[in-house]
Amino acid sequence: MNPISNLETLLRSMQPVLNAEVFVYVCLPIGSSIPEKAIATFCETEGITVILEKSIALQHKFEFSFECAWISLTVHSSLEAVGLTAAFSSALGEAGIACNVMAGFYHDHIFVPVHQAEAAMQALLALTKK
């Protein structure tokens, strides 16, 4: 299937899915070994940001922050689509929910405070009906 770039189609078909585990952000020194089950990494000057399950961070005794829920938008969004991130981040912002976003090749992924996961799902599902 080809990636979708039309905003109206993206919003109608984004189908958010809440992943079951609790995730955390970890910052490791440059050159560190990355745990095999990391779901995302990003290299910055200060270190390597790693997103992984909280249980793995605890197992490795990593210091972490931002216990979060991972919501995946299952629509195959184009990396050049305009307005999707703005639409869902605005909807979450209006609901008082912080979000951190990562775009994968096929889907967008949203990390929200774990205690607001259900409220975030409700806000995202409401957006699909507009």
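Please treat every number below as a calculation from the coordinates, not as lab data. Keep in mind the model is a prediction, meaning the values are calculated, not measured. Cβ: placed from backbone, ideal geometry, glycine included. Neighbour counts: every protein chain shown.
Quickly rank 119-127, 106-114 as a protection proxy: mean count of other C-beta atoms within 10 Å, highest first.
On the way: 119-127: 17.7, 106-114: 19.3.
Sorting 119-127, 106-114 by mean packing, highest first, produces 106-114, 119-127.
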Determine the gain in length on full extension of the stretch residue 90-residue 74; use 0.36 nm per residue of separation and subtract their C-alpha separation, reporting nm with one decimal. 3.9 nm
Magnitude of the Cβ-charge dipole of the stretch 7-128, K/R +1 and D/E -1, about the Cα centre, nearest 20 debye? 160
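Please work out the FRET efficiency for the pair residue 18 and residue 101, using the Cβ-Cβ distance as r and a Förster radius of 22 Å; give the result to the nearest 0.05. Can you show the working numbers first?
Values: r = 15 Å, r/R0 = 0.70.
FRET efficiency, residue 18 to residue 101: 0.90.
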Inverse mean reciprocal Cα-Cα distance (Kirkwood Rh) of the chain, Å: 15.4
Label-point separation, residue 126 to residue 82 (7 Å along Cα→Cβ), nm: 2.8
Once the Cβ-Cβ distance between residue 67 and residue 6 is put in as r, and R0 is 35 Å, what FRET efficiency do you end up with, to the nearest 0.05? 0.50
For the stretch 100-125 and the stretch 1-59, write down the distance between their C-alpha centroids in whole Å. 11
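Within the stretch 48-77, which GluC sites (Glu not before Pro) sit in a loop by DSSP and count at most 16 neighbouring Cβ atoms inside 10 Å?
Working: sites: 53, 63, 67; in loops: 63.
Counting only loop positions with at most 16 other Cβ atoms within 10 Å, the GluC sites (Glu not before Pro) in the stretch 48-77 are 63.
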What Rg and what Dmax come out for the stretch 1-56 when only alpha-carbon atoms are used, in angstroms? 15.9, 42
